[in-house]
Amino acid sequence: MNENTPLLQIRRLSKSFGGLKAVDAVDLGVQPGEILSIIGPNGSGKTTLFNVISGIYLPDEGEILLRSPDQPEINLVGLRPHQVTAKGVGRTFQNIRLFANMTVLENVMVGMHCRSSSGALGAVLQAKSARREERRVVQESQRLLALFHSQLIPVMNQPAKALPFADRKRLEIIRAIASEPRLLLLDEPAAGMNPHETRAFMDDLKRLRDRGHTLMVIEHDMMMVKGLSDRVIAFDYGRKIAEGVFEQVRRNEMVIEAYLGRKHGIA
Amino acid sequence: MRRYFVLGLCFLVGGFFCACQRGAQEKVLTLGAVVPLSGPAAAPGNEMNNAVLLAVDEWNAANKMGGYRIALESKDDASDPKQAVSAAHALMSDSQVVAVVAHLNSGCFLPASKIYHDAGVVAMSGATTNPQITLQGFPEIFRICTTDLVQGELTAPFIQQLGLKRIAIIHDKTQYGQGLAEVVRDAGPRSGSEILSFDGIDIGDKDFRALLTKIKDAHPDVIYFGGMYDEAGLLVKQMRDLGMQQQFISDDGAFGQDFIDAGGDGTEGAIVSMVGAPLTDLKKAEDFMRKYEQRFGVKIQNYGPYAYDVANILLTAISSVIEQKGVPDKKALIEEARKTEYDGVIGHTSFDEHGDTKNKVITFYRVEKGKFTPVKTVSMNK
Amino acid sequence: MSPTAFFQQLVNGLTLGGMYALVALGYTMVYGIIQLINFAHGEVFMVGAFLGLLALSFAAQLGLEGVAFTLCLAFLVSMVLTSLVGMAIEHVAYRPLRQSPRITLLLSAVGMSIFLQNLVMLIRSRDLQPFPRIITGGVNIQGVILDYIQILIAVASLVLMLALDLFVNRTRLGQAMRAIAQDMEAAQMMGIDISHVIRLTFMVGSGLAAAGGIMSGLYYGGIKFDMGFIVGIKAFSAAVLGGIGSIRGAMLGGFVLGLCETLLVAFLSAAGVTEAFAYKDVIAFAILILVLILKPSGLMGERIVEKV
Amino acid sequence: MDVIYTILLVFCGFAIIVIGLSLQHVGPFLVFLAFVTAGAIFLSRLGWLRNFRQITNRNPRSLYFALALCIVAYPFIFTLLKSAYWIHVAAIAGIYACLALGLNITVGFAGLLDLGYVAFYAIGAYSSAIFFRHYPDARWMFWVILPAAALLAGIFGLLLGSPTLRLRGDYLAIVTLGFGQIVRIIATNWESVTNGPKGIADIPGPTIGRYSFETGIPVGSLVLPRVANYYFLIVLLALGIGVAANRLNHSRIGRAWIAIREDELAASCSGVNVTAIKLLAFAIGASFAGIAGVVYSSLIGFVDPMSFTFMESAMIVCMVVLGGMGSIPGVIVGAIVLAILPEKLREFEQIRMLLFGAALIAMMAFRPEGLIPSKRREQELLETTDE
């Protein structure tokens, strides 16, 4: 396995709803350790791509291959979301989906579900292994909460719904990281933040990359895309229309057309 | 804040008065009654309870109980075995309860009888028909009505005598209805009838057309239904709608105005059986029915006379125990009850070695112009 | 089974199906709009039957003559009153909870169902209430009896369903209903008064159930406080079978279920299965479970994709 | 000092309950109830209830000690009062507590509304009844049947759950309701096994070695009535089930249950195997009902299909909702209150279900979290920071 093998390789992936091709024969690769941004106008199929990768939708055709330490490649197609997560792909949602009534800490602990194993019997009998594991999960979760500065630690026993918006976004990412993903899918992480928050957040995301996570980010904020991405892929109508470093993609004719609208092209 | 103190004070005073309400002590013995006062069989249960109340009041008025006043302690079993056991425990926890007028449902009397047995208190039922109840070997347990066995065994030859051969049997999938239907099914061939079908319906179901259509196809002479009045009424109604003019015969569960109300014109000519001799034959019965109607403003429907007789039999036995011993001794009461020879509303009652009545009589009634008219009284007595 | 018996069962099944269909419409309409199973809908059916009985006995007391007239009166009075009951149910048990978790709504609905059942039982009686037989007789076609009441049920349910279909597809309010079913938020943006439309949906569904209730009373000859429970579950099965949310599906599902239930049991019984009739109710549940497993969208429903 | 306060508080509460139960007539009881309620409101206005709570929270050991003492003393007190009745009622309340705890796992923790829960109860009761119908003398087998019935009910939970759990919540409610009906219909019709509507009578009580549950418990000169055996048995079982439920609640599995209740999709994407975890909730809840069913059949000695109707399911749902979905002390209190109140208020039996229905609607509208809401989060806070 050489360094250039992509972590995730998608081949001819298609998904349509009724007559609408939301994802249309997409090929793409994600290199280990990079931050890959996906841009494109609304409805261009970015979120659908994430949903297909994370197993929420079954693709009509194509394959999604994930490189894995113990075996060469795993095809994620056909796996259910929790299996995909177990294989090492974590994600967040466009509209934050935390467990609102659970505490901040518990949210992270749920994220570690697939990295722990104690079952019902162990819990009922308070088996030694179960207790040990529980302690480990608590400690590990607290450590993860400290990942982005320390503002989440003091509130870790408050319900997640009590957090301010930006912290909820952070918590959702931490929950995803708790499953120890090699690839992290972030769906518009900076949406709804002010420029100041966005800047701070960008640094947080870079820290994730430095921690060894590979990031795939859907983002609309071009400033963020520019400052963050190693590579950018642009989508329109479910197809990949451009790929490369930010400046390259920004100058691409098709991307400009997609963003500015094709009206003046036609009319 | 002060408001709460005042409120609290009011309650305190109120509670004190309530506690003081207990009157001066007098010699009291308690008769227990456990019947369904709520639940699906609340109507017959309340009638039984009223009848017992009537008997107790008459005894108290006559003042023949050796100086004892009789109190009635009524409990509700709601036709539910669990509540029946609770109620039995509640009565047996009260040491003044000398005897119990017990249950309408066999499913209630079966589990509760064990508790009466443990406490050594006589429990006598006027309506439970499951043969198993008296076969448990508890000396405290009695009943004055005939069992399913008697009613079913007597129904089969009666059908034969009507000149009807081909029987289609329907039952309501209850302990009572199905038990009876099974006896008819087994006894029918012995008296030369042919059983065409044996089907259950669900209580609460309203649509019997599919089943009746199937039965119609087999061309029976008679349809026998083991169950209660509501379903019996609907069945006969839907039979007539489907153009089935066959004889409809049912059991004591369908005996009562409710059946005629539910079935309307369709019930005309239908035959139902009722345990015991026809009530209007007996002078005592007429008397009782008049008194009941006067007191409660409604007519006797079905099990009231039985409960009334049970109460009277028990009270008679208790009074003779008091005469002999001076106190209502529970153990002596068992012996005394066993020796019962009583002429009551439903006829003569005496008990066999199991505690079942020896008076194994049932009467068939035909609905004529919206009224039950006795057709024939048959008996298993030698 | 003789041919006569077969056709008789066919008639029985279709009549039963018509009644299921009328009740199923209420489930499907409410579900289509707010994705909620109106658990108390079976009870609405029962309330409708009792209000119909009340109207009929009132008419008899006033000495009103004419079968058609009294019948129309009973239908009208009961359907109007029951739709008000439906509105009240929505107002008390559902509206305050529109933002709550689904389970809260369901429990509230279960509570409403228990409440209505016991209320009617306490007000009227625990016993079967005989329903006046103002339509009697029928035609005998080669031994197959076709009651006038069965014809009435068939005609009335078809007319009501067609009227509903027209209402939903041709009127402004119907359009609003469909819009809300598609996307509640968008519909709200477009200036549709959501609360008003939901209330109306409950009213229309309840009115139809009331019609079903009266027909059931007329047909079977008696009504009882607990009659709505089992009919409710079966009508729901019919709605699911047809594809919940689809009005035509509910009609189809009702008839299919009525026929299945009647014919299947009859065939089983004819084939020598003892006690086949005792398992009648199991058939509806089995169909429900099978449909949900094999084809959750039902016969005519659309595929539901959860929005992520 | 706090220790003494705690113990005294518990004893006072217990004394109030005993006095309430021993009031025989409904009038004085209602006055008493009003009095106690007014007192409770008064104390809470003074802020004392919160103080009590703080005191007891500080001394969990002495709280449990006092509670245990009361539970043990209960049958003795009522034996002295010559009232086996209230011991019996307490045993029934205990059975309901087990049922409510089980249903709380599916409804309260995992958020799956099961309206046919009584089916599993029936499976437990019938498995013991059917066994003893054939082997009435093997009474010690009760102790084998108890776990076996739990297992069997659990398996049925899986069987019902596996095809239906992919459904949305409200479909699930109706399918479970249908399942409850099917179990009852089968119990009514499969006569060769269940004896049909006639039910199975004479189910014996268990034995331990020479000791039989059919006899009273002699303690010194006092003989506790027969039901006291069941009382102690059911208290132990309910305690065990309560502890098990509590431990599950605070475990990896419990967190997953809450997570799928909160947001199924997010839970799935966080690595929770939604189907398996839901099935587990179903199976565990069902197995608790199986245990309750076995004890019920021996306590009453009689089992018939009519004891397992939808209304019974609805009643258990009411207990869970009244107490507080997801709250273990809540559902226990809910079960006890709803099991005892009808015994006290027999006069209102007719309107009982009406009140339940109305209460259910009102609870959902005004206090969906129940009378004793789940204190899960607060407690977790204390525990985790301690470690």
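Taken together, the values in this text are just the output of simple stated rules run on the coordinates, not laboratory data. This one's a predicted model, so the numbers in the text were calculated from it and none came from an experiment. Positions of Cβ are backbone-derived with ideal geometry, glycine not excepted, and every protein chain shown enters the neighbour counts.
Let me know the Rg and Dmax you get for the range D:1-82 when you use only its Cα atoms, in Å.
Cα radius of gyration and Dmax of the range D:1-82 are 14.3, 39 Å respectively.
Using only Cα positions of the range B:50-133, each an equal point scatterer, no hydration layer, compute I(q)/I(0) via Debye at q = 0.14 Å⁻¹ and quote the log10 values to two decimals.
-0.49
Ratio to report: Rg/Rh of the range B:142-226, with Cα atoms as the point set and Rh obtained by the Kirkwood method; give two decimals.
0.99
If you average the sequence gap of Cα pairs under 8 Å that are 6 or more apart and divide by the length of chain B, what percent do you get for the contact order? Don't skip to the end; give the middle numbers.
Values: 772 pairs, mean separation 61.4, N = 382.
Contact order relative to length: 16 percent.
In a shell of Cβ-Cβ distance under 14 Å around C:Ile283, excluding C:Ile283 itself, what net charge do Lys and Arg (+1) and Asp and Glu (-1) give?
Residues close to C:Ile283 contribute a combined charge of -4.
What does the structure give for D:99-109 when I average, per residue, the other chain Cβ atoms found within 10 Å of the residue Cβ?
Partner-chain Cβ atoms within 10 Å, mean over residues of D:99-109: 0.
222 nm [θ] for chain D, helices only, -39500 (n - 2.57) per DSSP H run of 4+, per residue, to 500?
Taking each H run of at least 4 residues, the total per residue is -24500 deg cm²/dmol.
Percent relative contact order of the range D:1-82, based on C-alpha pairs within less than 8 angstrom and at least six residues apart?
52
Determine the calculated [θ] at 222 nm for chain B from helices alone, applying -39500 (n - 2.57) to every DSSP H run no shorter than 4 residues and normalising by the residue count; nearest 500 deg cm²/dmol. Working shown, then result.
Values: 12 runs with 167 residues, N = 382.
So the calculated ellipticity at 222 nm is -14000 deg cm²/dmol.
Taking the Cα-to-Cβ direction at D:Ile4 and at C:Leu290 and moving 7 Å from each Cα, how far apart do the two end points lie in nm?
7.3
Taking each residue in C:6-12, count the Cβ atoms of any other chain within 10 Å of its Cβ, then average. What number comes out?
Partner Cβ neighbours, averaged per residue: 4.
If every alpha-carbon in the range C:43-162 counts as one equal scatterer, what log10 I(q)/I(0) does Debye give at q = 0.18 1/Å?
Once normalised to I(0) and log-transformed, intensities are -1.06.
Return the distance in nm (one decimal) between the two label points of a simple spin-label model at C:Gln35 and A:Arg132, each offset 7 Å from Cα along Cα→Cβ.
Roughly 4.4 nm, to one decimal.
In the structure shown, do any of B:Lys283/C:Lys224; B:Lys165/B:Lys360; B:Lys283/B:Lys330; B:Lys206/D:Lys344 have a Cα-Cα gap over 28 Å, and if so which? Could you put the intermediate results ahead of the total?
Details: B:Lys283/C:Lys224 38 Å; B:Lys165/B:Lys360 25 Å; B:Lys283/B:Lys330 32 Å; B:Lys206/D:Lys344 36 Å.
Beyond 28 Å: B:Lys283/C:Lys224; B:Lys283/B:Lys330; B:Lys206/D:Lys344.
Sort the following peptides by mean Cβ neighbour count (other Cβ atoms within 10 Å, averaged over residues), highest first: D:135-145, D:349-359, B:120-130.
Ranked from most to least packed, the peptides come out as B:120-130, D:349-359, D:135-145.
Excluding D:Phe78 itself, what net charge comes from residues whose Cβ is under 14 Å from its Cβ, given Lys and Arg +1 and Asp and Glu -1?
0
Using all Cα-Cα distances in the protein assembly as shown, what percent lands in each 20 angstrom bin from 0 up to the longest?
The distribution over the protein assembly as shown is 9, 34, 35, 17, 5, 0, given as percents.
Would you calculate, for chain C, the mean residue ellipticity at 222 nm contributed by helices, counting each DSSP H stretch of 4 or more residues as -39,500 (n - 2.57) and dividing by all residues, to the nearest 500?
It lands at -24500 deg cm²/dmol.
One-quarter of the Cα convex hull surface for the range B:206-301, in nm²?
6.9
Angle, helix A:165-178 long axis vs. longest principal axis of chain A, Cα atoms, 0 to 90°, nearest 10?
Taking Cα atoms only, the helix is inclined about 70 degrees.
Expressed as a whole percent, how much of the Cα-Cα distance distribution for the range D:229-387 exceeds 22 Å?
Working: 6656 of 12561 pairs.
Cα-Cα pairs in the range D:229-387 separated by more than 22 Å: 53 percent.
May I ask for the Rg/Rh ratio of chain C, computed from Cα atoms with Rh as the Kirkwood radius, given to two decimals?
Ratio of gyration radius to Kirkwood radius for chain C: 0.97.
Where Rh is the Kirkwood radius over the Cα pairs of the range D:1-144, the temperature 10 °C and the viscosity 1.306 mPa s, what D in µm²/s does Stokes-Einstein return? Working shown, then result.
On the way: Rh = 18.9 Å.
For these conditions, the coefficient is 84 µm²/s.
Over 22 Å between Cα atoms, which of A:Lys15/A:Lys46; B:Lys214/B:Lys376; A:Lys169/A:Lys206; B:Lys64/D:Lys82 qualify? The partial results should precede the final answer.
Values: A:Lys15/A:Lys46 12 Å; B:Lys214/B:Lys376 31 Å; A:Lys169/A:Lys206 15 Å; B:Lys64/D:Lys82 30 Å.
Where the Cα-Cα span goes over 22 Å, the pairs concerned are B:Lys214/B:Lys376; B:Lys64/D:Lys82.
Would you mind putting B:79-87, C:193-201 in packing order, based on average other-beta-carbon counts within 10 Å, highest first?
The most tightly packed comes first, giving B:79-87, C:193-201.
Using θ = phi - 60° and the Karplus relation 6.51 cos²θ - 1.76 cosθ + 1.60, list the HN-Hα couplings for the range A:52-63 in order, rounded to whole Hz, with x at every Gly or Pro.
So the J values, rounded to whole Hz, are 5, 4, 7, x, 6, 10, 8, x, 6, 8, x, 9.
Evaluate peptide D:364-370: per residue, the Cβ atoms of other protein chains within 10 Å of its Cβ; return the mean as an integer.
Average per residue, whole number: 5.
Could you order the peptides D:14-23, B:105-114, B:200-209 from most to least packed, using the average number of other C-beta atoms within 10 Å per residue?
Descending mean neighbour count gives B:105-114, B:200-209, D:14-23.
Could you name the aspartates and glutamates in cross-link range of B:Lys331, using Cα to Cα under 15 Å and dropping any fewer than eight places away on the same chain?
Filter leaves B:Asp118, B:Glu140, B:Glu323.
Tally Lys and Arg at +1 and Asp and Glu at -1 over the other residues with C-beta under 15 Å from the C-beta of B:Asp118: what net charge comes out?
+1
For the range D:92-386, take the alpha-carbon Rg, divide it by the Kirkwood Rh, and send me Rg/Rh.
Rounded to two decimals, Rg/Rh equals 0.98.
At q = 0.06, 0.12 Å⁻¹, work out log10 I(q)/I(0) for chain B with the Debye formula, treating every Cα as an identical point scatterer and leaving solvent out; two decimals please.
Values, matching the q order: -0.26, -0.89.
Tell me which aspartates and glutamates have Cα within less than 19 Å of B:Lys291's Cα, excluding those fewer than 8 residues away on the same chain?
Cross-link targets: B:Glu47, B:Asp57, B:Glu58, B:Asp281, B:Asp309, B:Asp343.
May I ask you to list the residues of the range A:181-201 whose amide nitrogen lies under 19 Å from a point 7 Å from Cα along the Cα→beta-carbon direction of A:Glu73?
A:182-183
In nm, to one decimal, how far is the B:Gln132 label point from the A:Glu247 one, both placed 7 Å along Cα→Cβ?
The modelled label-to-label distance comes out at 9.2 nm.
In Å and whole numbers, how far do the C-alpha atoms of the range B:268-382 stretch along each principal axis, longest first?
54, 38, 18
Relative contact order for the range A:112-267: what is it in percent, counting Cα pairs under 8 Å that are at least 6 residues apart?
14
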